[in-house]
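One structure below.
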Amino acid sequence: MKNSKHNRYPGLAAVAGAALVAAMTLGSVRAGEVVISNFDIADEVSGWTWETWSAPTEVAFDDTLDAGGGAAGSGSLRVINTFPAPQGYSQCVITAPLASEVDAETLYTKLSLDVKVDPSSSLRATGEDYGVLNVILRNGPGWDWNTLCSVALTNTNWVHLDLPVKAPADKVHRLTLKLGQNYLTNTVIYNVDNIRWTESAVQLPPPTMSIEKTHPGLNLNAGTGGQWDRQNIKSVPTGLGWIGSSSPVSYSVTIKEFPNGTTYSGFQSQMYLVPGTPGTESSPDWNEATVVLVTIQSGTNGNGTMTFHYKTDAPGSNGGYFNTDPAAGQVGNLGSVTGASVLGTWTVTLAQDNQITFTRGRPYRKNDSCYVEQKNYSIVRRHVGYLRYDTDEELALLNALYRFVRLYTNFFQPVMKLLKKERHGSRVRKHYDTPTTPYQRLMSSPFVEAQRKDALKKEYELLNPAELKRKITKGQQKLIRYVQFKEILRRKIREKKQSHLQ
């Protein structure tokens, strides 16, 4: 999530058994230079972008001006800065990403580059120089500014700058160039070439190896430590939305382990609910126009917080995800729930298109699931039993059966709703309302639109409870026969394998 999201999520890695973890490093002494860019080709300029909050700036590839040090025919980065009429302080800023995040404090002693001011550039109104150039490292998840130099540009020759690396520079991922000063005016053009690191001459430690215990289940591992790192898993079936559903729809995730909230304060687990078929894109929260975003984050004391965000009609942006002030636009941060631990089952339930409920199951309390899925026994288990269903064919049979079960349960099976409890000594007396079907409750609800009620009524008038019951029974028999056939087939395969081993 651009600008605001701290972390993106963990690549899919199903791990079982013990993992062999090796911290491998070379044992030799390093020395030399690591090229960031010699601007040998035009593509090396494409990563540089103007920071739009500063004065207008353009970047281009200059194949006519080269400071040397690159390949034959090499060029340089040309930066065209347009300043307003002489006034107080103004600045032009450009930024480019490095190929990967680097620990510059450990690996390098200095950053070097060559700079040349174009003779056609305008001096400051004071006539002293063409402005002050800052070379800045962007470090860590907060993009901390680490300014390595402030050099006044006073002539139009190539100038070589050697800039010692200083802290904080342990997680450098961007390089920024800023030209600024008081009373800058008109156009100032400068070229940059041969941006390089100088390696530190240190003896690196020998390789180490250790055994790290893995855990059963699905392990999601962050690929890098970068702020924008994310990996995703995506639901395959379609038709998993809640809009227009006659009953509440829940989306859950169970967390067994989670990064420490103090060490990784920005790490989040997230659920995206996106309409349509966004495909394999890695950033649907940013790219798609309409998204529900549910975030789960650990606090410094180990607690966990789930927050509901959404945006509408806002492709390529955060929309109103983080806004809570109606005066500032669309309010997309609707609220959150906090539990004593980030571990456990987190559930968001949506009903009647716009009613939202958060639920958190406690870790190591497996009976909490009865509150999250209250109908798991009375509907699911009573219709399909406890057999093992693990094939695509069985999934198709279950989906077909559930379609009839949904209609039969919601339109024709009355249920009682608990109104209150009264305690008399050691006894508790419960009071229920009149048994009513979910369909009847919706039809009597003032919160359901008339148009939706008309659609439900038409659907109800086309249903026959006896026919639905016969279809359910037929589906159950078909499912049981398939499971029995599957088990017979698997048993024969096992027997055949054993006979070959004897």
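The values are calculated or read from the model by the stated rules, or taken from the named source; none is laboratory data. Keep in mind that this is a model prediction, so the values were computed, not measured. A quick note on method: Cβ atoms are made from the backbone with ideal geometry, for glycine too, and the neighbour counts reach across all protein chains shown. Surface accessibility is based on the protein's heavy atoms, side chains included, excluding ligands, DNA and RNA. Shrake-Rupley method; radii C 1.70, N 1.55, O 1.52, S 1.80 Å.
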Practice task
Six or more apart or on different chains, Cβ under 8 Å: which pairs go from a residue in the stretch 381-392 that's in contact (Cβ under 8 Å) with a residue 60 or more places away in the chain and open to solvent by 100 Å² or more (accessible area, probe 1.4 Å) to one that's of a type in the set (A, V, I, L, M, F, W, C) and not in a loop (DSSP other than H, G, I, E, B)? Could you list them?
Solution key: 388/483
Completion exercise
Cβ pairs under 8 Å, 6+ apart or interchain, first in the stretch 43-71 and closer than 25 Å to residue 160 by Cβ and free of Cβ contacts under 8 Å to residues at least 12 places away in the same chain, second assigned to a loop (DSSP other than H, G, I, E, B) and open to solvent by 70 Å² or more (accessible area, probe 1.4 Å), ordered by first then second residue, are none
Completion exercise
Within the stretch 129-166, restricting to residues that are in contact with a strand residue (DSSP E or B) (Cβ under 8 Å, 6 or more places away or on another chain) and on the phi > 0 side of the Ramachandran plot, the one that is surrounded by the most Cβ atoms within 10 Å (Cβ to Cβ) is 131
Exercise for the section: For residues that are open to solvent by less than 30 Å² (accessible area, probe 1.4 Å) and closer than 22 Å to residue 359 by Cβ, tally how many sit in the stretch 305-320. Expected result: 4
Completion exercise
Of the residues in the stretch 235-246 that are touching a Leu at 6+ places or on another chain (Cβ under 9 Å) and among the hydrophobic types (A, V, I, L, M, F, W, C), the one that is least open to solvent (accessible area, probe 1.4 Å) is 242
Handout entry: Filtered residues of the stretch 69-84 (kept if assigned to a loop (DSSP other than H, G, I, E, B) and within 12 Å of residue 40 (Cβ to Cβ))
Key = 69, 70, 71, 72, 73, 74, 75
Exercise for the section: Name the single residue, out of those in the stretch 419-453 being among the hydroxyl-bearing types (Ser, Thr, Tyr) and open to solvent by less than 50 Å² (accessible area, probe 1.4 Å), that is farthest from the chain's Cα centre (by Cα). Expected result: 436
Handout entry: Failed condition for residue 355, given (1) more than 28 Å from residue 453 (Cα to Cα); (2) at pLDDT below 85; (3) open to solvent by 70 Å² or more (accessible area, probe 1.4 Å)
Key = (1)
Problem - residue 243, sole failed condition from (1) farther than 27 Å from residue 398 by Cβ; (2) in contact with an Asp or Glu (Cβ under 7 Å, 6 or more places away or on another chain) - result: (1)
Exercise for the section: Out of the residues in the stretch 167-196 that are small (Gly, Ala, Ser) and buried (at least 17 other Cβ atoms within 10 Å of the Cβ), state the one that is farthest from residue 90 (Cα to Cα). Expected result: 169
Handout entry: Selection status of residue 500, open to solvent by 90 Å² or more (accessible area, probe 1.4 Å) and either under 30 Å from residue 355 (Cα atoms) or more than 42 Å from the chain's Cα centre (by Cα) (or both)
Key = yes
Fill in the blank from the handout: Considering the stretch 458-486, residues that are aromatic (Phe, Trp, Tyr) and in contact with a helix residue (DSSP H, G or I) (Cβ under 7 Å, 6 or more places away or on another chain), and then whichever is nearest to residue 246 (Cα to Cα), we arrive at 460
Exercise for the section: Please verify whether the stretch 218-234 includes one or more residues that are in contact with a His (Cβ under 8 Å, 6 or more places away or on another chain) and either closer than 21 Å to residue 350 by Cβ or open to solvent by less than 80 Å² (accessible area, probe 1.4 Å) (or both). Expected result: yes
Problem - Any chance residue 249 is of a type outside the set (Ser, Thr, Tyr), at negative phi and either touching a Leu at 6+ places or on another chain (Cβ under 7 Å) or free of Cβ contacts under 8 Å to residues at least 40 places away in the same chain (or both) - result: yes
Handout entry: Residues located in the stretch 393-418, provided they are open to solvent by less than 80 Å² (accessible area, probe 1.4 Å) and of a type in the set (Ser, Thr, Tyr)
Key = 408, 409
Practice task
Report whether or not residue 80 is at pLDDT 95 or above, surrounded by 19 or more Cβ atoms within 10 Å (Cβ to Cβ) and either touching a Phe, Trp or Tyr at 6+ places or on another chain (Cβ under 9 Å) or among the hydrophobic types (A, V, I, L, M, F, W, C) (or both).
Solution key: no
Practice task
Name every residue in the stretch 197-215 that is at pLDDT 75 or above and either open to solvent by less than 60 Å² (accessible area, probe 1.4 Å) or part of a loop (DSSP other than H, G, I, E, B) (or both), in order of residue number.
Solution key: 197, 198, 199, 200, 201, 206, 207
Problem - the stretch 454-491, residues that are within 38 Å of the chain's Cα centre (by Cα) and either surrounded by fewer than 15 Cβ atoms within 10 Å (Cβ to Cβ) or part of a loop (DSSP other than H, G, I, E, B) (or both) - result: 455
Exercise for the section: Assess whether residue 183 counts as being hydroxyl-bearing (Ser, Thr, Tyr) and at pLDDT 95 or above. Expected result: no
